[in-house]
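Trainee: Below: one structure in structure tokens.
The values are calculated or read from the model by the stated rules, or taken from the named source; none is laboratory data. Note that the structure is predicted; figures quoted are calculated from it, not measured. Glycine also receives a Cβ, built like all others from the backbone with ideal geometry; neighbour counts cover every protein chain displayed. The protein model used for the area step is the full one, side chains on, heavy atoms only, and it has no ligands, DNA or RNA in it. Shrake-Rupley method; radii C 1.70, N 1.55, O 1.52, S 1.80 Å.
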Amino acid sequence: MLGAILDFTLAASLVWIAWRTGATPYLFNAVVLFIVFGLLMTLAWVRLNAPDVALAETAIGTGLTGALLLDAAAHIAGKPGRRKGKNPP
Amino acid sequence: MIACGLIYAVVGVVLFALGFFGLIVHAHPVRKLIAFNIMGSGVFLVLVGLPQRTAGTPPDRVSEALVLTGIVVAVSATAFGLALARRLYDLTGKPRLPNDPRPES
């Protein structure tokens with residue numbers, strides 16, 4: 001019973017966070033919400049009796065992808081002056 | 001008593017639909033990649049959740065290994081896409097594809 005409540009709460013949170021990730025107007029908010037989505041996915045893998053997939057999702061799917069997305073978002077949406085000298089003509 | 005795997009399989013289908021919608025709607029390449037990752041997570045949830053749709057079945061280790069490989073491939077594909085998006089922004093100065101017919105937001 002308690003497990004079913006947890007499952008449904010987790011399912012609703014996953015769908016809601018995924019919808020917010022697509023609907024938010026700011027790029028940085030989308031990246032942070034995607035990292036939160038990855039952490040919720042980790043909980044889903046644990047509920048599905050797949051701890052190895054949960055570990056891989058945390059380390060690679062959330063950590064590495066989140067870092068890459070944050071770096072790209074800072075490069076694209078950041079201040080243009082910071083990129084000066086980085087790309088010689 | 002509904003099995004726990006079936007809930008996550010249904011959630012995976014919904015996530016696939018949400019990610020596909022975002023992939024089409026957004027013009028920004030980084031947001032397209034985020035939506036693409038959500039789409040992939042939906043596929044992984046269906047792949048692991050559907051074998052456990054009846055209560056008491058042991059988890060399918062083959063599909064879990066497949067999903068493990070898929071996560072690594074998705075990360076490398078995302079990194080490649082982000083590198084392309086950065087290069088596109090450096091060359092054109094705009095974070096959108098050059099032949100995108102949508103008006104500038």
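Trainee: Sort B:77-90, B:27-40 by the packing proxy (mean of other Cβ within 10 Å over each peptide's residues), most packed first.
Mentor: Top of the packing list down: B:27-40, B:77-90.
Trainee: According to a simple spin-label model (label point 7 Å from Cα along Cα-to-Cβ), what is the distance in nm between A:Phe28 and B:Arg61?
Mentor: 4.6
Trainee: Binning every alpha carbon pair distance of chain B at 5 Å from zero, what are the percents per bin?
Mentor: Reading upward from the zero bin: 2, 13, 17, 17, 16, 11, 9, 6, 4, 3, 1, 0.
Trainee: Shifting gears a bit: What does the average come to when, for each residue of peptide A:33-39, you count the partner chain Cβ atoms lying within 10 Å of its Cβ?
Mentor: 2
Trainee: Let me ask another. Which angle from 0 to 90°, rounded to the nearest 10, does the C-alpha axis of helix B:4-25 make with the longest principal axis of chain B?
Mentor: Tilt of helix B:4-25: around 10 degrees.
Trainee: While we're looking at this one, here's another question. Using a 1.4 angstrom probe on heavy atoms only, work out the carbon and sulfur share of the accessible area of the protein assembly as shown in %.
Mentor: In the protein assembly as shown, the share of accessible area belonging to carbon and sulfur is 73 percent.
Trainee: If you line up the long axis of helix A:27-47 against the longest principal axis of chain A, both from Cα atoms, how many degrees apart are they, to the nearest 10?
Mentor: 30
Trainee: Could you give the distance between the Cα centres of the range A:43-65 and the range B:1-32, to the whole Å?
Mentor: 17
Trainee: For q values of 0.14, 0.19, 0.24, 0.28 Å⁻¹, compute log₁₀ I(q)/I(0) with the Debye formula on a Cα-only model of the range A:7-77, without solvent.
Mentor: Treating every Cα as an identical point scatterer, log10 I(q)/I(0) equals -0.45, -0.76, -1.03, -1.19.
Trainee: What is the distance, in nm, between label points placed 7 Å from the Cα along the Cα-to-Cβ direction at B:Thr69 and at B:Val13?
Mentor: My value for the distance between the label points is 2.7 nm.
Trainee: With axes computed from alpha carbons, what is the tilt in degrees of helix B:29-49 against the longest principal axis of chain B, rounded to the nearest 10 within 0 to 90?
Mentor: 10
Trainee: Once ligands and nucleic acids are excluded and a 1.4 Å probe is used, how much of A:Arg20 is accessible, expressed in Å² to the nearest 10?
Mentor: Its heavy atoms expose roughly 70 Å² to the probe.
Trainee: Let me ask something else about it. Per the Cauchy relation, a quarter of the hull surface: what is the mean projected area of the convex hull of the alpha carbons in the protein assembly as shown, in nm²?
Mentor: Hull-based average projected area comes out at 11.5 nm².
Trainee: Normalising by the residue count of the range A:1-56, find the relative contact order in percent from Cα pairs under 8 Å and 6+ residues apart.
Mentor: Contact order relative to length: 30 percent.
Trainee: Explain nothing, just the number: dipole magnitude of chain B about its Cα centre with +1 on each Lys and Arg Cβ and -1 on each Asp and Glu Cβ, in debye rounded to the nearest 20.
Mentor: 240
Trainee: How big is the B/A interface in buried accessible area, both sides summed, 1.4 Å probe, to the nearest 100 Å²? The partial results should precede the final answer.
Mentor: On the way: alone 7430 and 6640 Å², together 10510 Å².
Buried area between the two chains comes out at roughly 3600 Å².
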